[in-house]
1. Compare the peptides 109-115, 34-40 by average per-residue count of other Cβ atoms within 10 angstrom and give them in order, highest first.
2. Going highest first, how would you order 118-124, 18-24 by mean Cβ packing within 10 Å?
3. List every DSSP H helix in the chain whose Cα atoms extend 30 Å or more along the helix's own long axis and whose mean Kyte-Doolittle hydropathy is at least 0.0.
4. Be a star and scan the stretch 64-87 for residues whose amide nitrogen sits under 20 Å from the point 7 Å along the Cα-to-Cβ vector of residue 27.
5. Per 0.36 nm of contour for each residue apart, how much would the distance between residue 106 and residue 55 grow if the chain were fully extended, relative to their Cα-Cα spacing?
6. Would you work out if the stretch 86-128 is rounded, prolate or oblate? Take a ≥ b ≥ c from the square roots of the eigenvalues of the alpha-carbon gyration tensor; rounded if a/c is under 1.5, else prolate when a/b is larger than b/c, oblate otherwise.
7. Under unit Cβ charges (Lys, Arg +1; Asp, Glu -1), what dipole magnitude, rounded to 20 debye, does the chain have relative to its Cα centre?
8. Could you work out how far apart the two model spin labels at residue 65 and residue 99 are, taking each label as a point 7 Å from the Cα in the direction of the beta carbon, and quote it in nm?
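Coordinate-derived values only; no laboratory data. Being a predicted model, the structure only gives us computed values, none of them experimental. Cβ: placed from backbone, ideal geometry, glycine included. Neighbour counts: every protein chain shown.
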Amino acid sequence: MEWLQKFMYGRHGPDQLSIGLFVLFLILSFVDLFIRGPAYLIIELLTVFIAVLSLWRMFSRNNQKRWDENQKFVTAMQPLSRAFQQLRSRWKDRKTYRYYHCPKCKATLRVPRGRGKICIKCPVCKNEFIKKA
């Protein structure tokens, strides 16, 4: 195992972009199983290119450039990540809270379940509306 530590010394290693490329590689490899014809060759070449790119990034010694690439990827994926976190949070709270959108400003509001008809006041625009919780 010492040889691996010596080999990886000074190299970039895995990061979010490399992991994302690896996940894309796995997805394309799975899709590749069901496709035939000319599209098969294109997807196969793309799959190999993504695998080589991911490995090249991990073994690269240009850490600053790889870090900059990773930061651009993380920034670009932030809205998608935030949307999945919100969905996960809503799913976890589905038995205790209801979610409504303000009719005026479209802000998402969380209200406890089982309160009957309640007057909801939007904290953003101060609009009041009545909904069943």
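1. Listed from highest to lowest mean packing, they are 109-115, 34-40.
2. My ranking of the peptides, most packed first, is 18-24, 118-124.
3. Sorted by number, the helices that extend far enough and score high enough are 38-59.
4. What the label zone holds, given the 20 Å backbone N cut-off, is 70-87.
5. Here the answer is 13.9 nm.
6. Taking the square roots of the gyration eigenvalues as a ≥ b ≥ c, the stretch 86-128 is oblate.
7. Numbers: 25 positive and 8 negative charges, 300 e Å.
Here the size comes out at about 1440 debye.
8. 4.2 nm
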